[in-house]
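Below: the structure, in structure tokens.
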């Protein structure tokens, strides 16, 4: 029983020592790979941001076009109502 306890205690000491050792430093190749991956991620993020900006710009232009078309339609509608009222007034004037 004491051998088992000794083994468990030795195992605990070994794991605590292993947990406290600093992490191994990366090799230059790993560091370069990490740097390249970071550059690729940054480039991709920049491209995505650019694409999002283009989409937002297109949406803004589309909304402006819709607003312009609605304004034009309401203007034509008002003009048609004015013409109709004028025609009605003319017909009343002619009938009298």
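No value in this document is a laboratory result; all are computed from the given coordinates. Treat the numbers as computed from the prediction; the structure is a model and nothing was measured. Neighbour counts are summed over all protein chains in view; Cβ atoms, including those assigned to glycine, are modelled from backbone coordinates with ideal geometry.
Here are the numbers:
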item	result
Cβ-Cβ FRET estimate between residue 30 and residue 57, R0 fixed at 35 Å, reported to 0.05	0.30
Estimated inter-spin distance, residue 5 and residue 44, nm [label 7 Å along Cα→Cβ]	5.6
